[in-house]
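Asker: Here's a structure for you.
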Amino acid sequence: MIHKKALIHESAIVDEDCEIGAGSRIWHFCHLISGCRIGRDCSLGQNVMVASGVVLGNNVKVQNNVSLYEGVVCEDDVFVGPSAVFTNVFNPRSAVPRKHEYRQTKVCRGATIGANATIICGIEIGRYAFVGAGAVVTRSVAPYSLVVGNPARHAGWMSECGHHLRFQPDGTARCPESGSLYRYVKGKVEKLNEDGCR
């Protein structure tokens, strides 16, 4: 079902049995394949392909030239930068059919995937994690973690507003934009209050 308040550019191809929520915008030369689900207020930039079975939550931003293959799930408020790459088979071969081996990749709420990053299938990008531009992510990323490089490695912690968190000796840090308080305990970061960055 396509909501009447969704905007679809005339050059986009939307197959039957796609779900598109209110306020979502599907821009030039996109292709949405039967069986995908797009939530409310999403934006799909130019030349985005969304395969069957892909699920996007609400307010997901997918920039130009991204292909979301079967098995990709993005929760609410996810940002996918231009030309980011997802995979869905771990060891593809042209001569060996592996459609029954698709692995799910889950991008949790509020996470950011930078431009030209590559996400190897079968992993989870945690809530509000931040994948730097060009990173090659081969394993799951913890919530609030910043990862960079090839292969991607942990390089710090990020607030929900996307600011580097600098922890004090007592294990706490404040987001410079929202003032939200975070705590680092045993290799994990948690948010201590409900203040947001909006």
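Values quoted throughout were computed directly from the atomic coordinates according to the rules given, and no laboratory measurement underlies them. Computed from a prediction, not measured in an experiment: that's the story for all the values here. Neighbour counts are summed over all protein chains in view; Cβ atoms, including those assigned to glycine, are modelled from backbone coordinates with ideal geometry.
Asker: Going by Cα centres, region 97-144 and region 44-79 are how many Å apart?
Answerer: The two parts, judged by their Cα centres, are 12 Å apart.
Asker: Now for a separate question. Determine which aspartates and glutamates satisfy two conditions relative to K191: a Cα distance under 16 Å, and not lying fewer than 8 residues away in the same chain.
Answerer: Those aspartates and glutamates meeting the cut-off are E160, D170, E177.
Asker: Output the peptides 19-29, 103-113 sorted from most to least packed, where packing is the average of other Cβ atoms within 10 Å over each peptide's residues.
Answerer: Numbers: 19-29: 18.9, 103-113: 21.1.
For the peptides 19-29, 103-113, the packing ranking is 103-113, 19-29.
Asker: In percent, what relative contact order does the chain have, based on Cα pairs under 8 Å that are 6 or more apart in sequence?
Answerer: On the way: 603 pairs, mean separation 18.9, N = 198.
It rounds to 10 percent for the chain.
Asker: For V136, list long-range residues whose amide hydrogen, built 1.01 Å from N in the peptide plane, is under 5 Å from its own amide hydrogen.
Answerer: Long-range HN contacts for V136: T118, G149, N150, A152.
Asker: Further, regarding this structure: What's log10 of I(q)/I(0) for the chain at q = 0.18 Å⁻¹, Debye sum over Cα points only, no solvent?
Answerer: -1.17
Asker: Taking H placed 1.01 Å from N in the peptide plane, check which residues at least 5 places from V141 or on another chain put their amide H under 5 Å from its amide H.
Answerer: For V141, the qualifying residues are E124, I125, G126.
Asker: Would you list which lysines come within 28 Å of K188, measuring only between C-alpha atoms, while excluding same-chain residues fewer than 8 positions from it?
Answerer: The reachable lysines, counting only those whose Cα sits under 28 Å from K188, are K61, K106.
Asker: For region 63-149, what value does the Rg/Rh ratio take when both radii are computed over Cα atoms and Rh is the Kirkwood radius, given to two decimals? Kindly include the intermediate steps, with their values, before the conclusion.
Answerer: On the way: Rg = 12.4 Å, Rh = 12.8 Å.
Answer for region 63-149: 0.97.
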